[in-house]
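Every read-out reported here was derived from the displayed coordinates using simple, explicitly stated rules and does not represent laboratory data. In this text the structure is predicted, and so the values were computed from the model without any measurement. Positions of Cβ are generated from backbone atoms using ideal geometry, with glycine treated the same way; all protein chains shown enter the neighbour counts.
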Amino acid sequence: MKSVVFLALSLFAFHAHAITWQVFGPCDTKPVHQGKTEVDLSKSLGTLTVEILTQNQIPFIGTESGFNSIINTPTGIDAMEIVSQTELRAYGWCYSLNGKVPDIMPDQVQLTSQKDHVTWFYAYTTNIKNHWQDDYCSPAYWIKAKQFCK
């Protein structure tokens, strides 16, 4: 009987769920941080992200509403790349939830399952001749800008 109870508990533990999360910086196609965490689904993604970053001692600047910097990435003018006289790229942090990039701030997003997957990634959007292009939230590691990737 003890072995049946142990087996049942082992199977339950094996099937326990927790969200998976990753953080991608500007230069590498592999995550610089990742993990699995059981979360309180009544909290927003923004709140959960602050908790995850804090618990894992990952440096950040921001709040549950959004992040200016994670892993000490540049902010402000230092987060701009001058490509040419008519083109620039603005960098910042974007996220995806289960492979989709929502168009709302993280404090407005609720996870629905412990099986959810969250990815934070340093990203860019391009401005050419004062017109923003349709490349919003393109992962920075696609182009590996020299100013971030030495």
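For the range 23-38, a tally of residues being assigned to a strand (DSSP E or B), out of contact with any His (no Cβ under 8 Å at 6 or more places or on another chain) and surrounded by 13 or more Cβ atoms within 10 Å (Cβ to Cβ) returns 5.
Selection of the range 34-55 for residues being farther than 16 Å from M105 by Cβ, among the polar types (S, T, N, Q) and out of contact with any Ser or Thr (no Cβ under 9 Å at 6 or more places or on another chain) yields S42, T54. If the condition is being exposed (fewer than 13 other Cβ atoms within 10 Å of the Cβ) and of a type outside the set (D, E), then the range 39-60 contributes S42, T54, Q55, Q57, P59. In the range 129-148, the residues that are surrounded by fewer than 14 Cβ atoms within 10 Å (Cβ to Cβ) form Cβ pairs under 7 Å with partners that are in a loop (DSSP other than H, G, I, E, B) and hydroxyl-bearing (S, T, Y), at six or more places apart or across chains, as follows: K129/T86. For the range 63-89, the set of residues classified as surrounded by 18 or more Cβ atoms within 10 Å (Cβ to Cβ) and over 19 Å from C149 (Cα atoms) consists of E64, F67, listed by residue number. With respect to the conditions (1) within 15 Å of the chain's Cα centre (by Cα); (2) exposed (fewer than 14 other Cβ atoms within 10 Å of the Cβ), T119 falls short on a single one, namely (2).
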